[in-house]
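Please read the structure below before turning to the comments.
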Amino acid sequence: MSLLDQVSENPQRLRQLSLNQLEELAEEIRQLILQVVAKNGGHLASNLGVVELTVALHRVFSFPPDKLIFDVGHQCYTHKILTGRKDLFRTLRQAGGLSGFPSPEESPADIFCTGHAGTAISQATGLSLGEVANGARARVVAVIGDGSLTNGLTFEGLNFLGGLKKRLLVILNDNKMSISPTRGALAYYLTKLVTSPRVSRQKEELRQWLRKIPSIGDDLLRLAEEMEVRTKDLLLPGIFFEKLGLRYLGPIDGHDFQQLIEILANLRESNEPVLLHVITRKGKGYPPAEEHPEDFHGVGPFDLKTGQAVSVNGLTPARVAARTLEEIARENPDVVVLTAAMEKGLELESFSQNFPQRFFDVGIAESHCVSLASGLARAGRRPVVAIYSTFLQRAYDQIWHDVCLQALPVVFLVDRAGVVGEDGATHQGIYDLSYLRTIPDLRLLAPYSLENLKDCLRRSLQEKFPVAIRYPRSYLVETLPDHLGSPEEARVLILGLGSLAEASFAAGSFLQQKGHSSAVLAVDQVKPLPENVVNQLEKPRQLVVTVEENSRVGGFGSAVLEHLAARQKNQPVLILGLPDSFLNHGPRQEILENFGLSGAGIAAAIEKALFASGKV
């Protein structure tokens, strides 16, 4: 029986393993992660980098009752494997299988469903306060990636935690900074020394003794504490965290079990806020991921021997948008592009290389990204902000206050709009029409083909007002006519928005074959409703059908209903879209079909509505 099988059957076995056996266990976990991600896709480099750290945490702590929160949650694969889900791990990211992020629905060892950066320290602080108030002794640990340090919410949490002076262990998993062997050894031994319970006890005894010395005791105490701080200034890179009120320790080698276990054991009973700086290597144990960790951050299925993707998407919407931006940038020197740690995901590498002075990746700081764009726009530049739908919602106030209220011509490229599939609930981009439609003077576009996307982007960069263009992750048809059938005469009018216009055309063809008087309009604009849609809504119909890859609440269908209500038109409307709920992971097309958003599903829903109304 493998060590991993033994630990899975009896978690206490982990505490009995020697250092050499822990190394063997880590290798078994790495191989399992590699095999599953190569088949299912997922987050690879980040998970390979935290194997030893996660194993060491489980060796020293007990999860549960102790609490572990990952920021960002895509580092959680080893944690899942060690908390009773090894046999289910092969279902990772598959419909009905394990989520690629922490999930309280799967296990009590997962505290929050964390897929957005910056939340862990605030959540962990609140959790720790609640545990203490309840009289519990459970310890709370937050593991944050160095990318989270570009997020303002992280520093809000650190600032509050430092002032609170309550117990919490924050582990900074740093996989980008290098560390020399000499400095690493010095930092480790110093950290081991100052975290030792014996040394901590002696320091407190020294403080008490100094305070008893008449007149000069307090002065000597202040001098001793100042010398400690100045020594740390010379030897450690974390004085910034000390100034925030946290005790900074490290950096230590995040792949050395002896260092990890000794330091974590020393910190297990600490009653103050501590930040432990751990150095890890992304992609560790798999050479292609070590050499190109950015390429193996989030991957689809790939060949384990070569590291090559099993299939390469053709012209994705992101690729078309990026190429079009380059063409426009060559024509217009005022065009600048901003993104928030998504250069690769948005396929902007070529733009950044060809226009390095006109490209800004601000890190995981969406709010800052939008406010920065507003300043560029006020200075006369033409900023394009490219961010995934699920992350753009983090910058809602900046879109509202800094861009739209100021009437600044910022263009937002809203990638991953609609169903994103295997990444699951935290990443589904099915709410952007709803939250953006509430902002005055923001034009909303949803291209229905790749050619239409190019046209939308060019038109938007010529306007003098803010525009948001939303498009799906992986697929838009290359070209599509703007209508099917005769909208002027049809008794059933289908308004197919953006990514679902093609499926709407398929539904229209099906209905026509069955003898229904139907037509389809391909719609690329939600706010304001385009003139051709408004004109068609003036005509009496048996049924108007709206189809969108967005929540049915507050989206395109709602816009059509509001338009009709404002004109007091009693027109039957069927809204087809996604439910008012959080969607779990699974293949995009399968999810759409499950909610009746395929061509056949749309046609069936229309026939059902016509039958119910007695108009068939």
One residue from A373, A365 being under 27 Å from A117 (Cα atoms) and either modelled with pLDDT under 95 or surrounded by fewer than 18 Cβ atoms within 10 Å (Cβ to Cβ) (or both): A365
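This table checks each residue for (1) in the same structural domain as I602 (by TED's automatic domain parsing); (2) among the basic types (K, R); (3) farther than 21 Å from G418 by Cα.
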residue: E488; (1), (2), (3): yes, no, yes
residue: R491; (1), (2), (3): yes, yes, yes
residue: S509; (1), (2), (3): yes, no, yes
residue: S517; (1), (2), (3): yes, no, yes
residue: V520; (1), (2), (3): yes, no, no
residue: Q525; (1), (2), (3): yes, no, no
residue: E531; (1), (2), (3): yes, no, yes
Can you find a residue that is assigned to a loop (DSSP other than H, G, I, E, B), surrounded by fewer than 18 Cβ atoms within 10 Å (Cβ to Cβ), over 23 Å from the mean Cα position of the chain (by Cα) and not acidic (D, E) anywhere in the range 120-134? yes
Given the residues L88, L44, L3, which is the only one that is touching an Asp or Glu at 6+ places or on another chain (Cβ under 9 Å) and touching a residue at least 24 places away in the same chain (Cβ under 8 Å)? L3
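Okay, residues lined up against (1) assigned to a strand (DSSP E or B); (2) of a type outside the set (F, W, Y); (3) without any contact (Cβ under 8 Å) to a residue 24 or more places away in the chain; (4) farther than 30 Å from H116 by Cα:
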residue	(1), (2), (3), (4)
P440	no, yes, no, no
N452	no, yes, no, yes
F465	no, no, no, no
T479	no, yes, no, yes
L493	yes, yes, no, yes
S509	no, yes, no, yes
H516	no, yes, no, yes
Inside the range 23-50, can you point out the residues that are crowded, with 20+ Cβ neighbours inside 10 Å and in contact with a Lys or Arg (Cβ under 8 Å, 6 or more places away or on another chain)? V36, N40, G41, G42, A45, S46, L48, G49
Boolean, I121 is modelled with pLDDT of 60 or more, touching a helix residue (DSSP H, G or I) at 6+ places or on another chain (Cβ under 6 Å), within 20 Å of H79 (Cβ to Cβ) and not small (G, A, S): yes
Output for the range 44-71, where each listed residue is among the β-branched types (V, I, T) and part of a helix (DSSP H, G or I): V51, T54, V55, V60
Residue among A289, A322 that alone is among the small types (G, A, S) and touching a residue at least 60 places away in the same chain (Cβ under 8 Å): A289
Residues of the range 555-583 being outside any helix (DSSP H, G or I) and touching an Asp or Glu at 6+ places or on another chain (Cβ under 9 Å), in sequence order, are G555, R567, K569, I575, L576, G577, L578
Of the residues that make up the range 15-24, is at least one part of a helix (DSSP H, G or I), of a type in the set (K, R), closer than 21 Å to Q258 by Cβ and assigned by TED's automatic domain parsing to the domain that holds F112? yes
Might you check whether a residue that is outside the structural domain of Y396 (by TED's automatic domain parsing), in contact with a Pro (Cβ under 6 Å, 6 or more places away or on another chain) and outside any strand (DSSP E or B) occurs anywhere in the range 356-375? no
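The values are calculated or read from the model by the stated rules, or taken from the named source; none is laboratory data. Everything numeric here is computed off the predicted structure, so don't read it as measured data. Here the Cβ is made from the backbone with ideal geometry for all residues, glycine too, and neighbour counts use every protein chain on show.
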